[in-house]
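The structure appears right after this line, and notes come after that.
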Amino acid sequence: TQSGLVDINVPDLGVDKAVVAEILVQVGDKVDVDQSLVVVESDKATVEVPSTVAGVVKAIHLQAGQQVSQGVLLATIEAEGQAPAAAPAAKAESAPQAAAPKAATPAPTQAVSAPASSGNDKLTKEQEAENAKVYAGPAVRKLARELGVVLSQVKTSGEHGRVVKEDIFAYVKTRLTAPQAAPVASAAPAVSGLPKLPDFTAFGGVEEKVLTRLQQVSIPQLSLNNFIPQVTQFDLADITELEDWRNELKGNFKKEGISLTIMAFIIKAVAYLLKEEREFAGHLSDDGKSVLLRNEIHMGIAVATPDGLTVPVLRNPDQKSIKQIAVELGVLGQKARDKKLTPKDLQGANFTISSLGAIGGTAFTPLVNWPQVAILGISPATMQPVWNGKDFDPRLMLPLSLSYDHRVINGADAARFTNKLTKLLKDIRTLLI
């Protein structure tokens, strides 16, 4: 058992920088192993950082709103079982924070030209040098390069003048929709890039409901879909026999504490198909001239939580049994609802499945989650009459909605993909051949 003073550092968050959203403990609080100490937010997810030991909080070295990275000292815990040894006075002092990078200057009030490029053209060396002086993260700089945006012209909304993705979206949308010679509207655009909302006072007023942290940090990622030419292919899969088989198996699975849902079979079938149709699990290259084909399948599974939607990743489902997939689905879903997902749980997906099967509806158009190029939506299965050549048979039909990036995938390819998938789900034994 650890004892004495134990330093808790910020773990690998999967990103270069993140922001402390909330500090959950105070000096003097008693904490248990794995009890959350702080909430850290990045543009990918909200993560709670736990204590590695049980004991008493002796010092907190961070403040809410502070930018952090891996290895930064978070807190000091006096572990149970032993009083701390005398420590040098300097030990308790927080390291001086580095001066904040130069903040981006506000956008000029006069008309500004459209971005240097709305495609993949690179910025000039002078513009790149100008961007290097602006306070922004690597992902934001990459987006600025792709869109030809000079960051010093962007009005910022991030902490300490930091440029965030939403600022770039707002800048691009404003510049591309406004006439070149027309003056910029006096009303500043909202964070989404859309015009400000009208005053609803005369129409009964409003009640403001603050978005959860997870919803707020998801906005930049979801907004990237605006730059994807997305199309959705719809199809129906006959899962009558598959559902009969699942009902035969689920009793034995339940005895082992495993919930066997239709999703486990869908994941297995999709993973099998992605080994053949690799473009659907690929990525469009930065220069738009090639498709990066991944060597492994990592499946994002959308999970609804009280705080919003999150997408943990199921690793290598093509190499796992239906039982293994069912077990891992249960674990990931519970971790998501308990806010115990780690950054690694959320990284590396190259295809996503989103299911509304337990909620309702007949079909929907899921958003492609950049940098992925495809996502499969699942709606509730219903009994429908299907013509067999002589009569109508009652069949359990599962609606499929495949959204894809049209820059990478053609309509005919998407139709073939869903056609193959429906055949796999109709006779899952095909996976064994």
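Here, each number is a calculation from the coordinates, and none is a lab measurement. Just so it is clear, the model here is predicted, and its values are computed rather than measured. All Cβ positions, glycine included, derive from the backbone under ideal geometry; neighbour counts span all protein chains shown.
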Pop out the ³J(HN,Hα) list for the range 220-225 in order, Karplus 6.51 cos²θ - 1.76 cosθ + 1.60 with θ = phi - 60°, rounded to Hz; leave Gly and Pro as x. x, 5, 5, 5, 4, 4
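Going highest first, how would you order 258-268, 420-430, 363-373 by mean Cβ packing within 10 Å? Mind dumping the intermediate values first?
Values: 258-268: 21.2, 420-430: 16.6, 363-373: 19.2.
My ranking of the peptides, most packed first, is 258-268, 363-373, 420-430.
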Calculate the spin-label point distance for Glu80 paired with Lys390, positioning each point 7 Å from the Cα along the beta-carbon direction, and give it in nanometres. 7.2
Simple spin-label model, 7 Å along Cα-to-Cβ: Thr52 to Lys142 in nm? 2.8
Test of understanding: what is the full-extension gain from Asp338 to Lys30, defined as 0.36 nm times their sequence separation minus their Cα-Cα distance? 108.8 nm
Placing each pseudo-label 7 Å from Cα in the direction of the beta carbon, Lys426 and Arg213 end up separated by a distance in nanometres of 4.9
Just to confirm my numbers, what's the Cα centroid distance between the range 291-355 and the range 30-69 in Å? 24
Tell me the net charge near Ser290. Cut-off is 15 Å between Cβ atoms, Ser290 excluded, with +1 for each Lys or Arg and -1 for each Asp or Glu. 0
Quick one: 3J(HN,Hα) in Hz for the range 331-348, Karplus 6.51/-1.76/1.60 with θ = phi - 60°, rounded, Gly and Pro as x. 5, 5, x, 5, 4, 5, 5, 8, 6, 10, 5, 8, x, 5, 5, 10, 9, x
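Going by how many other beta carbons lie within 10 Å of each one, how would you line up Asp318, Asp345, Asp199, Asp7, fewest first? Don't skip to the answer; put the middle values down first.
On the way: Asp318 16, Asp345 21, Asp199 9, Asp7 13.
Least to most surrounded, the residues fall as Asp199, Asp7, Asp318, Asp345.
Once the piece of chain linking Phe200 and Ser259 is laid out straight, how much longer is it, given 0.36 nm per residue of separation minus the C-alpha distance between them? Spell out each step's value before the answer.
Details: separation 59, 0.36 × 59 = 21.24 nm, distance 4.76 nm.
Full-extension gain reported as 16.5 nm.
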Once a ≥ b ≥ c are taken as the square roots of the eigenvalues of the Cα gyration tensor of the range 228-432, is the result rounded (a/c under 1.5), prolate (a/b larger than b/c) or oblate (a/b not larger than b/c)? oblate
PRE reach from Ala363 (point 7 Å along Cα→Cβ): which of the range 224-251 fall under 14 Å by backbone N? 231-237
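So, R0 is 56 Å and r is the distance between the beta-carbons of Thr124 and Asp12; what FRET efficiency does that work out to, to 0.05?
Working: r = 35 Å, r/R0 = 0.63.
Here the calculated transfer efficiency is 0.95.
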Which shape class applies to the range 340-433: rounded if a/c is under 1.5, otherwise prolate when a/b exceeds b/c and oblate if not, where a ≥ b ≥ c are the square roots of the Cα gyration tensor eigenvalues? prolate
Residues whose built amide H sits under 5 Å from the amide H of Val33, excluding neighbours closer than 5 in sequence, are Ala54
